[in-house]
Amino acid sequence: MKLVLASQGFTTNEIAKEVEKLVGKPLKEINIAIINEAYVGLDGTKDKRWLIKELSNIEKYIGGIIDFVNFRAYTKEEIKKRLNMADLIYIIGGKQHLLEKLFREEELNLVDFNIIPHYMREDHKKWTKDFFERVLEDNEFKVYAIKDSQAVVYNDGKIEFIGGTPDIFGRK
C-alpha cells in the first residue's frame, strides 16, 4: 500500500513530485480515484469553493483517468474494483473523522493512523497543540497533525514526511 496524505493536496511541487515518485509514473499518466465522502458532513451554510479549487489542482497535476468513488452509492466490490484500478487514491477533505468510520465500515483497512489537516492554520486557531494532546491522549490511532504544505507518505509500511515532521498525537 502506498499513500500520500496531504493537508491540502497538491499545494507544493514537492508533494506532486513525491506522488510521481511513489506511483512510479509521470503525473500526466497517473490514474486517480477520488473519494469525496468527507465534505458531505459539513454544514450546508459553509461555502464549498475550496472543493472546486481542490479539484482544479488535481486536474492541473494529474493527466490520467480521474474517477470518483462514492462509498455510499457503490457496493463494497465496486469500491474495491475502482480503487484497484487507480494508481492514486485521493481523499478530498472536510470531516476526516468520517473517513475512519467509512474505512472501518467498508473493511478497507488502509492504514492504522489518521491525519489532522490544516494544522496551525490561521482559521483553525482554537485547535492548538494543547487541545489535541488533551482530546487525543487515548486515541487508538496515531494522529499526524500536518500543515497545508506538509504530507505523510506511507510506502508499504514505511512512513516519511514532506515539508517537515508533523506533531504526533494519540497512540505513539
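Coordinate-derived values only; no laboratory data. If you're wondering where the values come from, they're calculated on a predicted model, not measured in any experiment. Glycine gets a Cβ as well: all are built from the backbone with ideal geometry, and neighbour counts include every protein chain shown.
Angle check, please: helix 76-85 long axis (alpha carbons) against the longest principal axis of the chain (alpha carbons), in degrees 0 to 90, nearest 10.
Tilt of helix 76-85: around 70 degrees.
To the nearest µm²/s, what D does Stokes-Einstein give for the stretch 1-82 at 10 °C and 1.306 mPa s, using the Kirkwood radius over alpha carbon pairs as Rh? Provide the component values of the computation, followed by the final result.
On the way: Rh = 14.2 Å.
For the chosen part, D equals 112 µm²/s.
Based on C-alpha coordinates, I'd like the Rg and Dmax of the chain, in Å.
Final numbers for Rg and Dmax: 15.6, 43 Å.
Sort out for me the Cα centre separation of the stretch 28-95 from the stretch 114-160, rounded to whole Å.
Centre-to-centre distance over Cα atoms comes out at 21 Å.
Nearest-5 percent of antiparallel DSSP beta bridges in the chain? Show your work: numbers first, answer last.
Values: 14 of 26 bridges.
Looking only at bridges with both residues in the chain, the antiparallel portion is about 55 percent.
Going by average Cβ neighbours within 10 Å, how do the peptides 54-66, 141-153 rank, with the highest at the top?
Going from most to least packed, we get 141-153, 54-66.
In this model, which of K48/K158; K48/K126; K48/K147 are farther than 23 Å apart at the alpha-carbon?
Values: K48/K158 34 Å; K48/K126 21 Å; K48/K147 20 Å.
Flagged as over cut-off: K48/K158.
Which lysines have a Cα less than 21 Å from the Cα of K80, not counting those fewer than 8 places away in the same chain?
K2, K101
Compute the helix-to-body angle for 13-23: its Cα long axis versus the longest principal axis of the chain, expressed 0 to 90° and rounded to tens.
That helix lies at roughly 60 degrees to the long axis.
Divide by every residue of the chain the summed helix terms, -39500 (n - 2.57) for each DSSP H run of at least 4, and state the resulting mean residue ellipticity at 222 nm, rounded to the nearest 500 deg cm²/dmol. Before the final figure, lay out each step's value.
On the way: 5 runs with 50 residues, N = 172.
Helix contribution divided over all residues of the chain: -8500 deg cm²/dmol.
With unit charges on the beta carbon (Lys/Arg positive, Asp/Glu negative), name the residue among M85, I52, I32 whose Cα is farthest towards the positive pole of the charge dipole of the chain.
So the residue we want is I52.
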